[in-house]
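The values are calculated or read from the model by the stated rules, or taken from the named source; none is laboratory data. Note that this is a predicted model, so its numbers are computed, not measured. In this analysis, Cβ positions are derived from the backbone assuming ideal geometry, glycine residues included, and neighbour counts consider all displayed protein chains. Just so you know, the surface numbers come from the protein's heavy atoms only, side chains and all, with ligands and any DNA or RNA stripped out. Shrake-Rupley method; radii C 1.70, N 1.55, O 1.52, S 1.80 Å.
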Amino acid sequence: MEQSYLGEHLFPGQLGHFLTILSMVAALLATVAYFVATQLRDTDAYQSWRRIGRVGFGVHGLAIFGIVATLFYMIWTHLFEYHYVFSHSSTDLPVKYMISCFWEGQEGSFLLWSFWHAILGFLTIMTARKWETPVMAVLSFTQIFLAAMLIGIYFFGYKVGSSPFILMRDLMPANPAFLNPNYLAAIQDGNGLNPLLQNYWMVIHPPVLFLGFAATIMPFAYSLAAMWKGEYGKDWVLPTLRWSLFAGCILGVGILMGGAWAYESLSFGGYWAWDPVENASLVPWLIGICGIHTLLAYKHTGHALKATFVFNILTFILILYSTFLTRSGILGDTSVHAFVDLGMSGQLLVFLFSFLILSFVFLFYKWRSIPTPEKEEPTYSKEFWLFIGSLVIFLVALLIGIDTSWPVINKIAGTDRVIVEPIAHYNRYTIWFGIVALLIAATTQFLRYRSDNWKSLQKLSSTLLTTIFLSGLIAYFGDFGVFEQTNFFNLFEIPFLSPYFLLLFASIYAIVGNAAYIFQVLRGKIKVAGSAVAHIGFGLMLLGVLISASKKQVISFNNAGLDYGEGFSAQDKVENVFLPRGQAIQMGDYWVTYADNHTERFDTYYQINYERKKNEKDRPKESFTLQPYAQINPKMGLVSNPSTKHYWDRDIFTFVSSIPNNDDPAQQEQTYKDFEMAIGDTVATSQALIILKSLNPAPLHTEYIPVPNDIAVGAVLELRTLGQSYDLEPIYYIRQSVENRIPAQVDGLGITVNFEKVLPQKSKVKLSVVETSQGLDYVIMKAMVFPFINVLWLGCVVMALGFAMSIVQRYREGKRLKN
């Protein structure tokens, strides 16, 4: 007979399991029906099969929505009997972070991905018209794999997926705690949300990022649909272009939100660290950008359709590859963002290779039938340079992808290649690709499709002169060196243009050139200027990256030469300052004081006061307070979150690198004193005055229950500190000739008072006072100045705006075509 357990809520889990299986079966039905409908599109059976496909996908979508609602309900109501809820949530979380719990784990993030696919599928059914059946066949096929990630069943001894609806006792049946029918009484709370994810950006960043991941299925599906049907006309180009722009926009915004989260929440002092998980999102986005530009070339000239298919397919395949990288556990030693392995590595590889093989089959059998113009693109035509620009972006994406994949390469080849300093390594070559891409982004705008006339570039003369003037001005006042000594093949050194100056020049050229294109070529028609606005945003973004990163200034120097221990690198020992509480230290233009702290939930906020007096630059007096916060997490150690003062031209970025561990006995000091006191006496300790007000012959206390023949007395005390007083009553009692004592404590002061004994011959009592102090209160912190970082954030916003304008432009173009 199966044991029954008290307090369990089984229905939500059973409902979730049922809906998961239903979603997979319905996705399978939709895939088969849409496949058959596509094959029979010119027959009478087409409508019937399409209707079955719609019903199947409708049931699948509703099941996905039901799964989402069920899991949210379980988190919201704290059903800790379920492993997913216990592992990722807790009762003390605010509502916004309870939402974040949904996608912290692998199961929740797969469900979020599937949810967005369902939304995209319903939009496709409503808008795709003749492209519905082939596109939905591909999308429904993808949903089968995503549903399998959540099903959590064993198939011939192999576990398929990981269910968020599994009970803890089913996951760990050998645990003796689950022998108790009332085991839930011992589970008061869950593990909670990762402290680094308790930031408002993590409420909005993952849904946007996963919508971007999901949206890459659309250009992929439309590309396969075009090859499947053998149709490549305008009625295919426009929806594909719209979806490509949408995927590029949303995925790009999601990546940029991740950078904003890193800047506000992580303490490495920046917004992009070339972490493998960051790269795994960046590479597909770059390839998707290639597909957008080659599709534009095909739309206007008929060139580059094959390249467009390859880029669109690669974008989605790389999304699947990045899923394998970040969820298989293979990046465990190289990334702080990767998920732990849930034993689904084989299943993820099946997902990846299924679509890789499917794509290869389509390209292999359809390659020769894909239309290609016999005449090559003219050298000075826009389509030629769109392809060259796409090739440049593709090459840098390829290099980043290879470097990100070293953990996979090492596992396959048995090598041990590790990128030790990723920021310096990636910057070393990406800067040159960035320079070339920026130059092409402005120059190509002035070229014409199907034209070999380079004279249109004459309009760039004013752009070039303006760029030379502005870059020279910024280089002079911003102290950018124009030349640097360059070593050629370890043979000789000669002065050569600095890559930083070249990036400065190229960024300004892209901004000025695209602005000139809007006014000189488009005559100010902003409605059709989406591409130019996006390129201006790209130029501003890289300009902001260049200035804020290369001119970043540390102001928290360890002038005292203190050794902070093995937890600090040699550089960190120099760039972190020791701040005892209440003592002002000079940092740059400011006098900085650690003034106070307070605790909210698990985090301690440190009040760091900055004060600047008038200095040699005639800057006005100024004072402000920053509150970086940190906690000593039992699993993660010190978790620190920065605090930043924002100006229009700079940020002052401050974070705590080390704090005293108040729970460490080695950092605690205790003093012990005995006092003999009569009623009315006052004694002094190091922190307080203690007054014996009276003796209580009938004391009451939760730990003392009187019994006959007890002799008990309580010492009624008043403890006074500066501005506060506390009432205490330690108890002394004799029971069966044995002396017993119940101490009184003031936890906030670390004071414990014991009633030791009664001294009747002296008409006094003996008290002992133990004071526990935490030693010196201090923080070790780092502060940096990021100049003109707002140029970076402005560029992000402008680039996203340019994408949105392009989407609207193509939507209007599609409406005109229908009319």
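Ordering 606-613, 784-791, 306-313, 168-175 by mean Cβ neighbour count within 10 Å, with the highest value first, yields 306-313, 784-791, 606-613, 168-175. Here the accessible area is traced with a 1.4 Å probe on the protein chains. For the chain, carbon and sulfur cover 61 percent of it. Of the labelled figures (1) 162; (2) 175; (3) 239, only one reflects volume of the Cα convex hull per residue in Å³ as derived from the coordinates, namely (3). Per q in 0.18 Å⁻¹, report the Debye log10 I(q)/I(0) for the range 325-468, using one uniform scatterer on each alpha carbon and no solvent. These q points yield log10 I(q)/I(0) values of -1.12.
The Cα-based radius of gyration of the range 735-819, divided by its Kirkwood radius, gives an Rg/Rh of 1.72.
Short-range pairs are left out: with C-alpha atoms under 8 Å and at least six residues apart, the relative contact order of the chain is 10 percent. Taking the longest Cα principal axis of the chain as reference, the axis of helix 789-818 is set at about 40 degrees. A Förster radius of 51 Å, combined with the Cβ-Cβ distance separating Phe18 from Trp454, puts the computed FRET efficiency at roughly 0.20.
Here the relative contact order of the range 561-716, from alpha carbon pairs under 8 Å that lie six or more residues apart, stands at 9 percent. Using a 1.4 Å probe, what is the accessible area per residue for the chain, in Å²? I get 48 Å² per residue for the chain. Scoring 97-104, 155-162, 119-126, 471-478 by mean Cβ neighbours within 10 Å over their residues and listing the highest first yields 97-104, 119-126, 471-478, 155-162. Beyond 25 Å in Cα-Cα separation lie the following of the pairs Lys552/Lys645; Lys621/Lys782; Lys552/Lys635; Lys459/Lys525; Lys411/Lys635: Lys552/Lys635; Lys411/Lys635. Each peptide in 12-24, 105-117, 442-454 receives the mean, over its residues, of other Cβ atoms within 10 Å, and ordering these scores from highest gives 105-117, 12-24, 442-454. Relative contact order of the range 1-155: 32 percent, from C-alpha pairs under 8 Å at least 6 residues apart in sequence.
Kindly express, to the nearest 10 degrees and within the range 0 to 90, the angle between helix 422-443's C-alpha long axis and the longest C-alpha principal axis of the chain. For 422-443 against the chain, the angle is about 40 degrees. Accessible-area rank, largest first, for Arg327, Arg54: Arg54, Arg327, with all protein chains present and a 1.4 angstrom probe. Restricting to DSSP loop positions (anything but H, G, I, E, B) with no more than 14 other Cβ atoms inside 10 Å of their own Cβ, which GluC sites (Glu not before Pro) remain in the range 376-485? When the GluC sites (Glu not before Pro) of the range 376-485 are filtered for loop state and at most 14 Cβ neighbours within 10 Å, Glu376 remain.
Write out the GluC sites (Glu not before Pro) in the range 673-726 meeting two conditions: DSSP loop, and at most 16 other Cβ atoms within 10 Å of their Cβ. Taking the range 673-726 and a limit of 16 other Cβ atoms within 10 Å, the loop GluC sites (Glu not before Pro) found are Glu703.
The angle between the Cα long axis of helix 106-127 and the main principal axis of the chain comes to about 40°, on a 0 to 90 degree scale.
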